[in-house]
Every structure is written in structure tokens, then in C-alpha cells.
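The values are calculated or read from the model by the stated rules, or taken from the named source; none is laboratory data. As the structure is a prediction and not an experimental result, all values here were calculated from the model. Cβ coordinates were reconstructed from backbone atoms using ideal geometry, including for glycine residues, and neighbour counts include every protein chain displayed.
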Amino acid sequence: MKKLFLSILIIACGITACSSQREPAFEIRGYDYSKRTVFELEKPLQEISGLAYDKQRDEFLAVNDEQGNVFVLNSKTFNIKRKLHFGEKGDYEEVQLTDSMLYVLHSDGNVFKMKYNGDSISEILMIEYKGSKAEFESFYILQDKNQLALIPKNSKLGFSNKETKSHKQDASTGMPVKHGNERIDWNKLSGVSVLHPSAVAIHPLTKEIYIVASIEKLLLVLDEQYNVLAEYALPASTFQQPEGITFDKEGNLYISNEANGTKPTIIQIPIQKK
């Protein structure tokens, strides 16, 4: 009996060792990844391409990259509460909001700006992109400066210089504004040689910039000057196609995935308690 028990124990330990080799431990500084929760999303969000948190109403907002709709999601279940129409079919990639304004990014750099009261949208305007040609999937708001910072996914200049450099513009007129030399130097990245950013969010507590790159399965943490503070290779088993990122007011992290042959999901990763 003891020999049988020992044999079973050895086999079990061997299986555990193999499993840990196949799926190495993954951590994000300041977060408890082991306590993550995976929420499957409904069919209209098969191609969820952007995610934002509404701290006033404790709701999430999402867009997909085919329809001119904003989806309002329950913050506990992530079920769709309502759908708000703002534009024609198009390649919509990111959603951000301030207290009363909602912004949606098109892949060509044009930004749709609209008033939002929690129940409806109104006064929809398109802010035309006036920079050099590029493809965009991410942007963030510099509310104190009334500016938008667009981060290119693909640009000839970026590939030529091996860098990702944001395009900052006035949030009302779309006119480019002067700014510093904030850029991500690809040569300083340890895990990849090229970068295709697909989503961005500002941490509400640290003000650090979190960027997701879906193609590279990468999460970057930057300071305001775009110096890389941390670099994480996202496990493909959980992040099959990460296209959205946001935080709630406590700093908990949320990353959304397009279906990509499986189910669309939102991964909730709790902040570590001090």
C-alpha cells in the first residue's frame, strides 16, 4: 500500500511540475493575478475593441470595431444594460470619457465627441485628425489641458525610427499641439522588436500609463515621459486578443479580449490590498 501511495504521489508531482512548466507563473506588480475573474461577454461584443469605466455611475462602456454603438455594461456581471447609437458602421477602436463627454476613436484618427448623461448621447461632433497618415487603436485624455493623445498602432515614421510616439491635439479643434519628446523606444523593449499598441489607460492612483499591444501580447507600464517602468508578456491562454484596458476608481484592472475563435471576455484583476 505504501509503495502504491508513493507511486501515485510521484506521478502527481510529475504532472504538477509539467503543468507549471507549460504555464509559468504570471504576475503584474501591484495586482493579485491569482484572484482574477473572467467574465464572458454577450454576442454583440464579439469584437470588443475598447473599454472605459464610468466612475460617476459605476458602469463600464464598450465599443466594437464594426458598429457605431456604445454599449453600457453592468459593473458586476458585464451584461449589456443598454446600447447607444452615435454613428455609421466603421472601424471604431477605443472609448474614453470625462464627467460629461464621451469620445470614440476611429482607426483613421478621427475622434467622435459627444455629450453623455448616463442615459443618452447628444451633440455628436467629429474631430478630424490632422496629423500624418497612421492607423490608431488607442488614445487617452489629458483633461487638465483639454488635449487628446493618440497612440499609433501602425505608422511609416514609427517603423522607420523604431519608436511609438503619441500625437497630441486639442480636444475641441483637433489641431496638433506642441509637446515633449514622449516616445517608446523599441530598442529598449526586452521582449519584442516592434510594437503595435491596441489600448491605453491611465492608472487613477499612480497616473502611470498602461498600454496593451494585442499582436505582441504585451502589457507596458510607462511614466508620463513614456519611460518603460515595467513590461509583461501576457499569457495567450487568458489574453487571446486583448483590445481594451481600463481601471475602476479603486485601481482594479480590467482587460477586454475579442473572441478570436473563442468567447469575448473581460478579465478583472484586483489591486493588491496594502
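With the requirement that a residue be under 15 Å from Lys165 (Cα atoms) and surrounded by 19 or more Cβ atoms within 10 Å (Cβ to Cβ), what does the range 101-146 give you? So that I can check it myself, show each step before the final result.
Filtering the range 101-146 down to residues under 15 Å from Lys165 (Cα atoms) leaves 109, 131-140.
If the condition is that a residue be under 15 Å from Lys165 (Cα atoms) and surrounded by 19 or more Cβ atoms within 10 Å (Cβ to Cβ), then Gly109, Ala134, Phe136, Glu137, Ser138, Phe139, Tyr140 are the ones that fit.
Give the number of residues within the range 220-243 that are closer than 22 Å to Glu258 by Cβ and of a type in the set (Asp, Glu).
Matching residues across the range 220-243 total 1.
Output the residue which, of all residues in the range 82-100 that are among the acidic types (Asp, Glu) and exposed (fewer than 14 other Cβ atoms within 10 Å of the Cβ), is modelled with the highest pLDDT. Give the steps one after another, and end with the answer.
Taking the range 82-100 and keeping what is among the acidic types (Asp, Glu), we get 88, 91, 93-94, 99.
Narrowing further to those that are exposed (fewer than 14 other Cβ atoms within 10 Å of the Cβ): 88, 99.
Values: Glu88: 94, Asp99: 85.
Taking the candidates together, the pick is Glu88.
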Which listed residue is among the hydrophobic types (A, V, I, L, M, F, W, C), more than 19 Å from Tyr33 (Cα to Cα) and in contact with a helix residue (DSSP H, G or I) (Cβ under 6 Å, 6 or more places away or on another chain), from Leu222, Leu195: Leu195
Given (1) free of Cβ contacts under 8 Å to residues at least 12 places away in the same chain; (2) in contact with a strand residue (DSSP E or B) (Cβ under 7 Å, 6 or more places away or on another chain), index of the condition Asn227 fails: (2)
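Condition test on Ser138, is it under 23 Å from Val212 (Cβ atoms), free of Cβ contacts under 8 Å to residues at least 24 places away in the same chain and in contact with a Ser or Thr (Cβ under 8 Å, 6 or more places away or on another chain)?
no
How many of the residues in the range 218-248 are in a loop (DSSP other than H, G, I, E, B) and touching a Ser or Thr at 6+ places or on another chain (Cβ under 7 Å)? Explain how you work it out, then say what you get.
Going residue by residue through the range 218-248, those that are in a loop (DSSP other than H, G, I, E, B) are 223-227, 234-241, 248.
Going one step further and asking which of them are touching a Ser or Thr at 6+ places or on another chain (Cβ under 7 Å), we end up with 240-241.
Qualifying residue count, the range 218-248: 2.
How many residues, within the range 71-110, are of a type in the set (A, V, I, L, M) and touching a Gly at 6+ places or on another chain (Cβ under 9 Å)? Give the derivation first.
The initial filter retains those residues of the range 71-110 that are of a type in the set (A, V, I, L, M), namely 72-73, 80, 84, 95, 97, 101-102, 104-105.
Still in the list and also touching a Gly at 6+ places or on another chain (Cβ under 9 Å): 72, 95, 104-105.
Number of matching residues: 4.
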Ala149, sole failed condition from (1) within 22 Å of the chain's Cα centre (by Cα); (2) assigned to a loop (DSSP other than H, G, I, E, B); (3) under 20 Å from Glu182 (Cβ atoms): (2)
Subset of the range 71-98 (residues that are farther than 25 Å from Ile215 by Cβ and among the β-branched types (Val, Ile, Thr)): Val72, Thr77, Ile80, Thr98
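Considering only the range 254-274, state which residues are assigned to a loop (DSSP other than H, G, I, E, B) and surrounded by fewer than 22 Cβ atoms within 10 Å (Cβ to Cβ). Even if it seems obvious, please write down each step before you answer.
Our first condition is that a residue be assigned to a loop (DSSP other than H, G, I, E, B); within the range 254-274, this holds for 258-264, 270, 272-274.
Matches in the range 254-274: Ala259, Asn260, Gly261, Thr262, Lys263, Pro270, Gln272, Lys273, Lys274.
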Odd one out for Ser132 among (1) out of contact with any Ser or Thr (no Cβ under 8 Å at 6 or more places or on another chain); (2) part of a loop (DSSP other than H, G, I, E, B): (1)
Residue count, the range 62-79 (criterion: modelled with pLDDT of 95 or more and surrounded by fewer than 17 Cβ atoms within 10 Å (Cβ to Cβ)): 5
